[in-house]
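**Student:** One structure coming up, written as structure tokens, with questions to follow.
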Amino acid sequence: MSGAPQNAGIASLEVEGVERVFRAGAREVHVLRGVTHRFDVGRLTTIQGASGSGKSTLLHIIGGLDRPDAGSVRVDGSNLYATGRDGLARYRNRRVGMIFQAYHLMPDLTALENVALPGLIGGRVETGRARELLAAVGLGDRATHLPGELSGGEQQRVAIARALINEPDLLLADEPTGNLDSAAGASVLELMLDLLSRRGLTAVLVTHDAGVASKGHRRLRLADGLLCEE
Ligand SMILES: Nc1ncnc2c1ncn2[C@@H]1O[C@H](COP(=O)(O)OP(=O)(O)OP(=O)(O)O)[C@@H](O)[C@H]1O
Ligand SMILES: [Mg+2]
């Protein structure tokens with residue numbers, strides 16, 4: 001794969017005492033109340049939890065997208081939110097593959113262009129790899145479709161392929177199989193597990209589905225603002 005970033009993988013990922021409070025008018029919601037965990041590198045960690053328990057919030061904080069109100073995220077030993085705007089941007093673009101709960105596809109770009117987009121931003125044209133990834137998620141024949149011409153599950157698979165295009169060290173997946181039938185969900189999980197074993201990728205996957213969670217090497221649950229072993 002020419003021009004693809006060759007990362008050394010992630011050496012450590014720790015969250016310590018992470019708190020997040022949202023204010024909606026006069027109301028305060030203390031969503032995360034001191035989340036502490038050292039993630040297993042090169043492994044798949046799953047996080048379950050009730051709707052509204054803060055799973056997406058935690059994933060965004062780990063992904064460098066939302067600053068915690070207290071506590072730290074340490075990646076390879078350094079405090080992510082102390083690295084400045086450029087450091088954060090580099091981390092998000094080069095090291096993290098994020099699969100959002102809402103897919104955030106660009107409506108005017110084709111499936112293939114959406115997958116290739118992070119590579120284009122990084123100054124690389126990766127349509128060959130984008131085609132391979134689309135094929136790997138079962139959408140080889142949908143490359144020229146716009147998101148509006150794809151089903152929900154197909155859009156989700158485009159978002160999964162997009163998250164993988166930059167060969168991330170850390171894959172953060174928010175309900176990646178939520179809109180897929182069990183066969184498509186199983187093949188997406190297999191793709192992730194394969195990347196883990198071949199590339200030493202570290203993955204954190206949020207899911208409502210106990211069957212999906214059971215594939216995790218480590219199973220966690222978020223409840224009452226804290227992360228605990230399942
Ligand atoms: N930007 C925000 N402003 C105010 N409240 C927010 C904001 N983002 C999230 N919240 C609140 O924080 C709580 C946790 O939200 P979050 O999206 O992390 O939950 P979740 O566990 O991912 O839920 P689901 O399983 O439904 O996706 C919710 O009560 C939500 O309303
Ligand atoms: Mg969520």
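The values are calculated or read from the model by the stated rules, or taken from the named source; none is laboratory data. Here the structure is a predicted model, which means the values were calculated and not measured. Areas reflect the complete protein model, heavy atoms only, side chains present, ligands, DNA and RNA absent. Shrake-Rupley method; radii C 1.70, N 1.55, O 1.52, S 1.80 Å.
**Student:** Taking θ as phi - 60°, what are the ³J(HN,Hα) couplings along segment 13-28 by the Karplus curve (6.51, -1.76, 1.60), each to the nearest whole Hz, with x for Gly and Pro?
**Tutor:** Once θ is set to phi - 60°, the couplings for segment 13-28 become 9, 10, 10, 9, x, 6, 10, 9, 10, 9, 10, 10, x, 7, 8, 10 Hz.
**Student:** OK, next. Hey, what number do you get for the chain at 222 nm if only DSSP H runs of n ≥ 4 count, each worth -39500 (n - 2.57), divided across all residues, to the nearest 500?
**Tutor:** Mean residue ellipticity at 222 nm (helix-derived): -9000 deg cm²/dmol.
**Student:** Continuing with the same structure: Please report the relative contact order for segment 2-156, taking Cα pairs under 8 Å with a sequence separation of at least 6, and give it as a percent rounded to a whole number. Write out the running numbers ahead of the final one.
**Tutor:** Numbers: 185 pairs, mean separation 29.5, N = 155.
Relative contact order here is 19 percent.
**Student:** Through the Karplus equation 6.51 cos²θ - 1.76 cosθ + 1.60, θ set to phi - 60°, convert the phi angles of segment 176-186 into ³J(HN,Hα) values in whole Hz; use x for Gly and Pro.
**Tutor:** x, 10, x, 10, 9, 6, 5, 5, 5, x, 5
**Student:** Percent of accessible area on the chain owned by carbon and sulfur, 1.4 Å probe? Don't skip to the end; give the middle numbers.
**Tutor:** On the way: 5070 of 10630 Å².
So the carbon and sulfur contribution to the accessible surface is 48 percent.
**Student:** Mind checking the per residue accessible area of the chain for me, 1.4 Å probe, whole number of Å²?
**Tutor:** Details: 10630 Å² over 230 residues.
Accessible area per residue, the chain: 46 Å².
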